[in-house]
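Please treat every number below as a calculation from the coordinates, not as lab data. Because the structure is predicted, anything quoted here is derived from the model rather than measured. For neighbour counting, all protein chains shown are included, and Cβ atoms are generated from backbone atoms with ideal geometry for every residue, glycine included.
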Amino acid sequence: MVTKEAGTMMGRLGLAALLAGGTLLFTAPAIAADKAPVKSHALTLDDRPKYGADFKHLDYVNPNAPKGGTVRQFSIGSFDSFNPFIIKGDPAAGLGYLFETLMSSPEDDSLTEYGLIAESVEVPGDLSYVIYNLRQEAKFHDGSPITADDVIFSFNILRDKGQPVYRFYYANVARIEALGPRRVKFSFSGPPNRELPQIVGQIPVLSKAYWEKRDFSKTTLEPPVGSGPYKIQSFEPGRYIIYERVKDYWGAKVPLKVGTDNFDTVRYDFVRDQVVALEAFKAGQYDFRLENSSKDWATSYDFPALRDGLVKKASLRHERPAGMQAFVFNIRRDKFKDRLVRQALGYAFDFEWSNRQLFYGQYTRTTSFFENSDLAARELPTPEELKLLEPLRGMIPDEVFTKVFSPPKADGTGNIRKGLRSAARLLRKAGWRIVDNQLINPRDGKPLVIEFLLVSPAFERVVAPFVRNLKRLGVKATIRTVDPAQYQNRVRDFDYDVIVSTFGQSRSPGNEQRNYWSSSAVKRPGSRNWIGISNPAIDSLIEKIVAAPNRKTLIVATRALDRVLQWSYFVIPQWHIREDRVAWWDKFGRPAIKPAYGVGFSSWWVDPKKDAMVSNRQKAKKNK
């Protein structure tokens with residue numbers, strides 16, 4: 001789970017943001033015995049889709065939920081663009097409401113994708129192509145039909161002018177062609193890749209007629225023509241944006257969408273930081289909040305509206321993979337190239353004390369890059385894993401073969417002298433020496449200086465104790481907190497020593513691992529290879545994941561990669577939580593079932609009686 005302490009705020013930006021966030025759920029079909037294409041309503045990595053071809057709606061929705069009302073949300077920072085698909089600008093929160101994709105995964109079946117714009121999909125047993133058959137009723141907001149030409153245009157413009165990650169993901173699409181007005185085929189190159197049909201299925205379909213007259217590579221504040229359940233009603237750059245529900249939305253009866261998108265209007269107000277945002281929530285200025293700060297959850301939710309029952313709060317258990325939230329070293333910097341140095345610095349972070357003193361015991365220490373899933377390496381490698389790892393001896397840490405990884409552990413008292421002694425021994429082994437209370441590299445005589453680049457002031461309280469412990473090792477560490485735009489630019493250009501970030505993971509890792517760890521991504525601005533990894537051994541394990549023919553081999557390859565990443569000490573692992581901490585003004589109705597992998601907020605609705613009660617009591621309080 002991404003925490004507020006990581007300074008991360010996720011809005012509904014659609015595919016572009018999901019790609020940037022690394023949380024796309026890639027799925028794949030079961031491979032047929034021959035090459036004949038199989039036509040289906042869904043593609044799955046599981047034994048079978050949860051929902052059959054005749055399903056009417058998702059289990060976690062109320063198909064008769066009333067439409068109406070307004071939901072108010074918030075976003076941190078500002079915005080200057082309605083184009084979330086390019087590297088330029090700061091896109092507005094909520095733009096994902098405007099754009100639909102060919103297929104999508106529900107929050108209770110993350111290994112399966114079901115048709116959205118596509119009514120059905122065809123995949124042969126050799127995975128050499130995929131054909132999408134588009135719904136006749138699918139249309140853009142201007143009333144024009146969504147056609148195969150729009151899909152082809154969207155693919156080409158995203159690959160050629162969109163964020164660099166699109167070119168990366170679509171690299172093995174050899175050809176795209178229209179087989180008819182509503183029938184489009186993607187042909188693939190390279191070895192069979194079980195995710196490629198679903199990767200292209202996640203393409204946001206854009207209007208060719210609209211975008212071919214405009215420069216897609218530039219930011220824009222002209223509301224675009226979309227195909228989703230909402231369109232932009234009004235906005236003020238950097239202050240707010242309001243979306244209104246499309247009354248004749250074509251997808252309202254598509255099984256994936258029945259009972260969702262129930263609000264007539266969705267408003268986002270932009271605020272400076274999380275402190276301001278929390279106070280605005282308490283004052284009733286917005287309605288729904290995912291709380292990512294353990295401190296605030298423990299100390300800041302005792303206020304009159306909550307005591308009076310106007311605000312509800314709950315910790316909702318989820319089954320999502322947690323990924324890896326961590327202090328991330330930029331090993332492009334010479335001072336972090338030595339694994340012993342990175343390992344040593346990890347002893348200076350006292351998680352147990354931080355969890356007790358700062359986080360109110362709410363977190364669990366993360367050990368795996370695939371935490372909270374069956375993909376995590378938690379025991380010694382199996383014979384199947386060793387078959388993948390043995391050819392890589394000498395290119396990966398020796399501990400991979402004989403030990404189970406665990407970060408340094410302290411007793412929670414704040415006394416980490418034993419850990420610091422271990423760190424000092426590792427630093428001496430790496431050649432560093434203490435001179436005048438400074439840790440000096442004898443090769444160039446320079447002291448070890450580390451800047452922690454942050455985007456949220458709230459995280460400073462976490463880093464400050466770490467900085468004090470580093471000082472005891474002779475390391476001069478500083479904290480630099482910058483505004484979101486500057487942070488984004490510096491991270492995009494790999495201009496930092498250490499950042500705090502999260503490598504999000506799905507239950508089905510694949511192509512996105514190249515963007516995280518591969519040599520091909522190390523120099524590409526905007527990639528998520530923040531660490532700067534360029535290792536042929538890791539590249540080979542990534543390709544084993546991408547080419548895995550079934551779930552069993554995927555697990556084996558992923559655990560092997562996990563071990564190599566763990567023992568390379570590329571990051572200092574932080575923490576995770578297996579619950580969503582949610583607070584809301586009690587104006588909503590909710591389905592009886594919560595999805596396993598999310599909160600299911602898209603299926604909530606405004607209850608008119610509750611809304612009126614909350615509104616009247618708020619007005620009465622103001623008039624006192």
Problem set entry | Rounded Å value of the spacing that divides the Cα centres of the range 595-624 and the range 55-88 | 16 Å
Problem set entry | Low-density loop positions, trypsin sites (Lys or Arg not before Pro), the range 433-508 - DSSP coil, at most 14 other Cβ in 10 Å | Arg443
For this session: Take the alpha carbon atoms of the range 261-331, find their center, do the same for the range 199-224, and report the distance between the two centers in whole angstrom.
Result: 31 Å
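List, in the order given, every pair from Lys337/Lys552; Lys50/Lys88; Lys418/Lys523; Lys429/Lys476; Lys295/Lys409; Lys213/Lys253 whose Cα-Cα distance in the structure shown is over 27 Å.
Going by Cα-Cα distance, Lys337/Lys552; Lys50/Lys88; Lys418/Lys523; Lys213/Lys253 fall outside the 27 Å limit.
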Seminar exercise, completed: Sites removed, the longest contiguous part of the chain containing no DSSP-loop GluC sites (Glu not before Pro) with at most 14 other Cβ within 10 Å is 380-624
Problem set entry | Spatially proximal aspartates and glutamates relative to Lys139 (Cα-Cα < 18 Å; intrachain offsets below 8 disregarded) | Glu100, Glu119, Asp149, Asp150, Glu212, Glu244, Asp248, Asp261
Exercise. Quick one: Ser456, Ser315, fewest Cβ neighbours within 10 Å first, how do they rank?
Worked result: Ser315, Ser456
Problem set entry | Helix-only mean residue ellipticity at 222 nm for the chain, each DSSP H run of n ≥ 4 adding -39500 (n - 2.57), per residue, nearest 500 | -7500 deg cm²/dmol
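Tell me, Tyr114, Tyr170 in order of fewest to most beta-carbon neighbours within 10 Å?
Tyr170, Tyr114
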Seminar exercise, completed: From fewest to most C-beta neighbours within 10 Å, the residues Met103, Met395 line up as Met395, Met103
Problem set entry | Sequence-distant aspartates and glutamates (8 or more away, or on other chains) whose Cα lies within less than 17 Å of Lys622 | Glu279, Asp308, Asp611
Problem set entry | Point-to-point label distance, Lys544-Lys247, nm (Cα→Cβ direction, 7 Å offset) | 5.9 nm
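Between Ala612 and Ser315, what is 0.36 nm times their sequence separation minus the Cα-Cα distance? Round to one decimal in nm.
104.3 nm
Listed highest first by mean packing, meaning other Cβ atoms within 10 Å per residue, what order do 85-95, 329-339 come in?
In decreasing order of mean packing, 85-95, 329-339 become 85-95, 329-339.
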For this session: Give, in nm to one decimal, the length gained when the segment between Asp59 and Arg472 is fully stretched (0.36 nm per residue of separation minus the Cα-Cα distance).
Result: 143.2 nm
Seminar exercise, completed: Length gained, Lys523-Lys295, 0.36 nm per residue minus C-alpha separation, equals 78.3 nm
